1. Out of everything in segment 1-60 that is of a type in the set (K, R) and more than 9 Å from ligand 1 (Cβ to nearest atom), what residue ends up being surrounded by the fewest Cβ atoms within 10 Å (Cβ to Cβ)?
2. Kindly evaluate R27 against the criterion of being closer than 19 Å to P2 by Cα, at pLDDT 95 or above and charged (D, E, K, R).
3. Give just the number: which of (1) under 13 Å from the mean Cα position of the chain (by Cα); (2) modelled with pLDDT of 90 or more does P62 not satisfy?
4. Could you please give the count of residues in segment 1-23 that are within 8 Å of ligand 2 (Cβ to nearest atom) and either at pLDDT below 95 or part of a loop (DSSP other than H, G, I, E, B) (or both)?
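The values are calculated or read from the model by the stated rules, or taken from the named source; none is laboratory data. These numbers come from a predicted model, not from an experiment. Backbone-built Cβ (ideal geometry, glycine too); neighbour counts: all protein chains shown.
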Amino acid sequence: MPVEYYDHGLCNGCGTCVLTCPCDVFRLDKQNKKTIIAYRSECQVCGMCIIYCPTGAIAVTPEKDIKAMTAYM
Ligand code: SF4
Ligand code: SF4
């Protein structure tokens with residue numbers, strides 16, 4: 001799994017991860033004030049969510065199979 005919660009209880013629903021993720025992985029559950037990892041498979045393991053999450057709620061593992069770039073002629 002590329003991105004997952006380190007501790008879901010730490011999430012305060014600030015929405016920073018929603019704004020910073022370049023791959024649109026997160027959705028904000030405003031009712032429960034938590035972020036949802038809605039599109040985990042889209043994670044490209046950039047680490048931005050870890051850097052900017054103010055509570056350290058997110059973990060990212062480098063176990064993503066990133067397909068090699070292919071050039072077509
Ligand atoms: S940045 Fe961290 S605390 Fe803020 S919504 Fe995302 S997971 Fe929760
Ligand atoms: S590691 Fe990067 S791509 Fe993956 S969820 Fe975090 S911000 Fe998004």
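1. K30
2. When the stated conditions are applied, R27 passes them.
3. (2)
4. 5
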